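Everything below concerns the one structure shown next.
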Amino acid sequence: MEEKKKNILIVGNSATSTAFAKKLRENESVGKIFIAPTPCVENDNFKSADIREDDLTGLLKFALENEIDLTIPTSEKALKADIVSFFQENGQNIFGPTKDASKIANNKTYGKKFLYKIHAITSKFGTFDKLQVAEDWIKNAKFPLLIRTAEANVHGDRLVCPTISLASEFLNTLFTKGENEALTEEFTIGHNFTVYYVTDCYSAVPITTVANYKFAQDGNGGLWTNGIGCFAPDYKISETVLSRLQNIVNNTLSSLEKRGMQYLGILGLDCTLVDDDKFVVNEFKPFFQDFDIDAVLNLVSDDLIKIMFKCIEGLFADEYETIKTNDYSSVSVVVSARQLNKKIEGLDKLDTPENISFINVKKLANGDYLTTTGANFVLTKTASTLNRARTNLYEDLAEINFDGIRYRNDICK
């Protein structure tokens with residue numbers, strides 16, 4: 001008798017959600033895939049459900065009515081609403097951390113303090129709820145400083161400040177806008193990378209390494225972003241570094257378990273390499289990110305659905321010591337726009353249009369795409385070598401054009 005195919009609900013309407021749906025569509029055990037809320041661009045990989053990420057009752061009702069076998073929250077908003085605990089209490093399979101556990105990733109000040117308590121090597125930092133105390137701290141800090149809000153905002157939530165005057169000005173801006181907490185930390189200059197793990201609360205297995213580009217301009221200039229491009233795997237990360245990071249992840253899970261805050265799902269460690277085997281841990285990530293998910297998933301050859309169910313069932317540690325990956329390399333770049341409502345030309349010229357994951361664009365009834373300001377989409381290419389993937393990527397980018405187009409030209413250069 002043929003096994004019933006599994007229906008999947010992905011909660012989150014970003015490029016991360018649509019990229020994950022695309023990967024799961026390759027799995028023969030998957031039936032229907034739904035994404036809630038409706039993403040900016042729909043395609044044949046999934047059906048949309050117009051339900052807010054934090055409407056837990058609405059999402060549960062949808063899951064029951066549509067015989068959902070597995071729910072995957074990809075958005076921080078859904079995790080902060082504690083969709084995981086709510087679904088678990090109602091007998092639903094869900095792959096993700098609870099609100100309390102995900103706080104190490106979703107609240108940057110909490111996560112930084114957590115790193116300090118488990119004795120992970122991290123930069124010198126301070127957390128402040130009063131402007132004057134923050135300004136006193138930066139007087140004795142080592143510059144440049146990274147200043148950011150405790151929780152991510154859409155715009156202007158972080159800035160690398162090379163001088164005390166700019167740091168003071170940015171702190172004043174944050175508190176004037178109504179922020180009630182700021183994180184200041186000495187900015188670590190080096191090679192930024194992330195290692196992603198699958199965890200069942202008790203054990204963690206690495207997926208792959210990703211080299212991150214976060215400054216908006218070529219040569220690491222301009223604003224500091226969440227991510228503007230990447231390549232994977234990151235050949236600069238040694239086995240020694242990976243071994244030390246494994247210890248940090250193990251300590252993280254053990255510490256969370258003692259607090260009754262078991263972390264199940266995808267956990268990323270965002271780090272900076274400062275020497276061959278020396279690094280600092282900057283922060284945790286609660287899932288793959290818009291700018292790197294395609295680069296990572298294009299390398300995974302293992303059965304993700306099976307892995308997620310084994311985690312939920314408590315059998316992951318017994319059956320998985322490694323996650324199978326292929327021998328390919330991926331390069332991704334985020335394409336942004338300076339202007340609104342400009343027609344995006346050239347997408348139809350790409351050999352593999354499925355390599356685009358849309359972050360925020362407008363799609364018209366005639367099939368045209370219009371820009372929004374800021375990040376619009378991610379383009380990823382995967383090939384047998386890193387150099388070939390990079391060459392193919394920038395050849396495709398040369399076909400795309402619109403007024404105000406912006407992207408880094410030096411990813412993996």
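The values are calculated or read from the model by the stated rules, or taken from the named source; none is laboratory data. As the structure is a computational prediction, the values presented were derived from the model and not from experiment. Cβ placement follows ideal geometry from the backbone for every residue including glycine, while neighbour counts extend to all protein chains displayed. Note: accessible area is taken over every heavy atom of the protein model, side chains too, but ligands, DNA and RNA are not part of it. Shrake-Rupley method; radii C 1.70, N 1.55, O 1.52, S 1.80 Å.
Residues of the stretch 120-137 being open to solvent by less than 20 Å² (accessible area, probe 1.4 Å) and of a type outside the set (A, V, I, L, M, F, W, C), which ones?
S123, G126
Go through the stretch 4-110 and tell me which helices (runs of 4 or more DSSP H), entirely inside it, have 3 or more residues that are open to solvent by 10 Å² or more (accessible area, probe 1.4 Å) and more than 20 Å from I359 (Cα to Cα).
Of the helices (runs of 4 or more DSSP H) lying wholly inside the stretch 4-110, those with at least 3 residues that are open to solvent by 10 Å² or more (accessible area, probe 1.4 Å) and more than 20 Å from I359 (Cα to Cα) span 56-65, 83-89, 99-106.
Among (1) surrounded by fewer than 23 Cβ atoms within 10 Å (Cβ to Cβ); (2) assigned to a loop (DSSP other than H, G, I, E, B); (3) in contact (Cβ under 8 Å) with a residue 40 or more places away in the chain, where does E257 come up short?
That leaves (2) as the condition not met.
Tell me, yes or no, whether the stretch 381-388 has at least one residue that is part of a loop (DSSP other than H, G, I, E, B) and of a type outside the set (D, E).
yes
All but one of (1) buried (at least 17 other Cβ atoms within 10 Å of the Cβ); (2) under 30 Å from S254 (Cβ atoms) hold for H191; which doesn't?
So the condition that H191 fails would be (1).
Where in the stretch 138-187 are there strands (runs of 3 or more DSSP E), lying fully within it, with 2 or more residues that are open to solvent by 20 Å² or more (accessible area, probe 1.4 Å)?
Result: 158-161.
Give the residues of the stretch 281-296 that are of a type in the set (A, V, I, L, M, F, W, C) and part of a helix (DSSP H, G or I), sorted by residue number.
I293, A295, V296
Enumerate the pairs (first residue in the stretch 38-53 and more than 17 Å from T71 (Cα to Cα); second residue anywhere and not in a loop (DSSP other than H, G, I, E, B)) with beta-carbon separation below 6 Å, excluding pairs fewer than 6 apart on the same chain, so at least 6 apart or on different chains.
C40/F358; V41/F358; V41/K363; E42/S48
When you look at Y116, is it open to solvent by 70 Å² or more (accessible area, probe 1.4 Å) and either part of a helix (DSSP H, G or I) or among the polar types (S, T, N, Q) (or both), yes or no?
Here the answer is yes, as Y116 does meet what is asked.
Could you look through the stretch 212-254, keep only residues that are among the basic types (K, R) and outside any strand (DSSP E or B), and pick out the one that is surrounded by the most Cβ atoms within 10 Å (Cβ to Cβ)?
Among those that are among the basic types (K, R) and outside any strand (DSSP E or B), it is R244.
Would you pick out the residues in the stretch 174-201 that are at pLDDT 95 or above and over 23 Å from the mean Cα position of the chain (by Cα)?
none
Can you name the condition, by its number, that L393 falls short on among (1) assigned to a loop (DSSP other than H, G, I, E, B); (2) open to solvent by less than 50 Å² (accessible area, probe 1.4 Å); (3) in contact (Cβ under 8 Å) with a residue 60 or more places away in the chain; (4) not β-branched (V, I, T)?
Here L393 meets the rest and fails (1).
Check V335, V331 and return the single one that is in contact with a Ser or Thr (Cβ under 9 Å, 6 or more places away or on another chain) and open to solvent by less than 30 Å² (accessible area, probe 1.4 Å).
So the residue among V335, V331 that is in contact with a Ser or Thr (Cβ under 9 Å, 6 or more places away or on another chain) and open to solvent by less than 30 Å² (accessible area, probe 1.4 Å) is V331.
Inspect all residues belonging to the stretch 122-134 and state whether any of them is of a type in the set (F, W, Y), part of a strand (DSSP E or B) and farther than 30 Å from N376 by Cβ.
The answer is yes; a qualifying residue exists.
Looking at the stretch 365-384, is at least one residue more than 19 Å from G229 (Cα to Cα), open to solvent by 20 Å² or more (accessible area, probe 1.4 Å), more than 22 Å from the chain's Cα centre (by Cα) and aliphatic (A, V, I, L, M)?
yes
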